[in-house]
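This report concerns only the one structure given below.
The values are calculated or read from the model by the stated rules, or taken from the named source; none is laboratory data. Keep in mind that this is a model prediction, so the values were computed, not measured. Every residue, glycine among them, receives a Cβ derived from its backbone with ideal geometry; neighbour counts consider all protein chains shown.
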Amino acid sequence: MDRSAFTLPLLAIAVLGTIYAGEVLTQPDKPDGKVHIKYWEKWTAFEFDAMKKVVDTYNKSQDKIQVDILSVSGIEDKTLMAISGGIPPDVVGLYGANVTKYADNHAVMQLDEMCKAAGISRDQYIPAYWDIGVVRDHVYALPSTPATTALHYNKKLFRDAGLDPEKPPRTFAELDEMSDKLTKKDANGHLIQAGFIPSEPGWWNWCWGPFFGGKLWDGKSKITINSPENVKAFEWVQHFSQRYGGTALQTFKGGFGSFSSPQNGFMTSQDAMEIQGVWMYNFINMFKPDLEWGAAPFPSVSPDLPDPTVIDLDVLCIPTGAKHPKEAFEFLKFVESQKGLEMLCLGQKKITPLLQVSDGFIANHPNPYIKLFIKLAYSKTTVSTPKIGIWSEYNDEINNAFSEITLMQKTPKQALDDVAKRMQPTLDSYLERLKIRGEK
């Protein structure tokens with residue numbers, strides 16, 4: 001590992017000290033003769049509880065390994081600090097978008113040989129999910145909980161607007177038309193209900209270009225955010241500001257509460273339609289169980305790009321320098337089994353990344369649209385974050401451009417040209433660093 005890529009200032013040491021102090025307090029050392037592996041996970045609440053159940057089941061299934069799980073906030077940065085400081089956990093739960101950066105910095109172990117010995121391979125998984133953990137033909141991460149996105153819509157608001165609640169939009173033209181019918185203003189012209197807002201929830205501002213057939217880079221050496229397809233996508237985004245007012249939309253959305261609260265705009269029926277993941281059911285059930293809602297494939301811009309969906313994934317890795325990598329992988333083998341993954345994914349009420357799905361998983365799943373979310377994982381128009389270690393910086397640039405476009409400060413072409421101009425040198429430097437390191 002190139003440790004020069006990481007620094008460990010006093011603040012970082014303090015942070016790590018806090019983590020380990022908390023770990024010692026909650027998980028005292030016991031002379032039980034077992035190998036204890038430390039597992040850091042980013043989840044909290046019911047999502048953490050679902051994995052804790054998997055961990056407990058594994059711990060009870062054998063008497064040689066004890067998995068000690070700890071919920072860690074800001075896990076991406078804290079894990080890098082721990083690896084740099086030589087005190088990493090044995091297993092870490094990251095986001096799919098983190099994998100390439102970690103692999104670039106040799107911060108997580110290659111799992112190829114261990115997967116081969118365990119009989120874990122791509123042909124057991126939905127391809128889109130397995131591939132997220134593969135960087136330059138090497139396996140660095142295994143899937144934990146996956147997701148797809150779909151159009152979530154308020155059936156009552158559809159009826160109130162004279163729309164058929166069983167016929168959500170299937171094309172972008174229909175989405176625009178229905179959005180107009182579902183949008184309401186008060187006597188002073190202020191928005192009080194939106195049909196659809198491209199910036200809500202704002203987690204995938206980058207996805208609109210790929211939904212229109214665009215690519216964020218050419219897979220080799222060029223940033224392509226300003227391609228005609230991407231420009232067209234962001235022209236579509238901007239036309240909502242042209243129709244309803246960029247500042248008005250921003251002010252309206254600013255009145256929403258946080259996502260995981262009863263004041264979420266979808267829960268309060270201020271937002272009639274939005275793109276969301278399979279997890280949305282959990283929050284509807286938690287905060288607004290009487291909400292009459294539906295889910296459907298997101299509308300398509302053309303028949304050549306059917307059922308567009310964002311592929312999202314949580315992953316499991318073994319950090320470089322882990323004290324017990326073999327034992328850590330024994331635990332991963334259990335998680336990756338059908339029993340382990342279905343227990344976890346059913347506990348979090350998500351889909352499973354495996355090709356094989358038991359009848360019990362579907363029958364016991366509370367999300368009424370679970371079959372839809374599974375089917376979407378096989379769509380021709382699945383999109384995911386590009387495999388480049390500079391994705392975080394690139395995504396920030398796209399988000400800034402998105403704001404400039406929605407606030408009518410720049411045309412889509414101007415904003416995307418500016419992103420390409422700023423990011424191309426960053427990509428060039430990144431690729432040069434990989435070349436120097438001998439990476440393909």
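Annotation note: of Lys421, Lys387, the sole residue that is charged (D, E, K, R) and more than 25 Å from Glu76 (Cβ to Cβ) is Lys421. For Tyr430, the criteria (1) part of a helix (DSSP H, G or I); (2) over 27 Å from the mean Cα position of the chain (by Cα) hold in every case but one, which is (2). Look at Val278 and say whether it is touching a Lys or Arg at 6+ places or on another chain (Cβ under 7 Å) and at pLDDT 95 or above. Judged against the criteria, Val278 is a match. Comparison of Lys253, Lys288 shows that the only residue that is crowded, with 18+ Cβ neighbours inside 10 Å, among the charged types (D, E, K, R) and free of Cβ contacts under 8 Å to residues at least 60 places away in the same chain is Lys253.
Just for the range 155-173: of the residues that are acidic (Asp, Glu) and exposed (fewer than 14 other Cβ atoms within 10 Å of the Cβ), which one is farthest from Gly277 (Cα to Cα)?
That would be Asp164.
Looking only at the range 111-128, filter to residues that are assigned to a helix (DSSP H, G or I) and without any contact (Cβ under 8 Å) to a residue 24 or more places away in the chain; which one of those is farthest from Val315 (Cα to Cα)? Checking each candidate, the answer is Ala117. The single condition among (1) free of Cβ contacts under 8 Å to residues at least 60 places away in the same chain; (2) surrounded by 20 or more Cβ atoms within 10 Å (Cβ to Cβ) that Val108 does not meet is (1).
Just for the range 183-206: of the residues that are in contact with a strand residue (DSSP E or B) (Cβ under 8 Å, 6 or more places away or on another chain), in contact (Cβ under 8 Å) with a residue 12 or more places away in the chain and surrounded by fewer than 22 Cβ atoms within 10 Å (Cβ to Cβ), which one is farthest from Trp236 (Cα to Cα)?
The selected residue is Ile192.
When Ile69, Ile83 are screened for being of a type outside the set (Lys, Arg), in a strand (DSSP E or B) and farther than 30 Å from Lys380 by Cβ, only Ile69 passes. Of all the residues in the range 395-417, those that are over 26 Å from the mean Cα position of the chain (by Cα) and part of a helix (DSSP H, G or I) number 3. When the range 258-285 is limited to residues that are touching a residue at least 60 places away in the same chain (Cβ under 8 Å) and part of a helix (DSSP H, G or I), the one that is surrounded by the fewest Cβ atoms within 10 Å (Cβ to Cβ) turns out to be Asn285.
Do you know which of the residues in the range 93-110 that are part of a loop (DSSP other than H, G, I, E, B) and of a type in the set (A, V, I, L, M) is farthest from Glu327 (Cα to Cα)? So the residue we want is Ala107.
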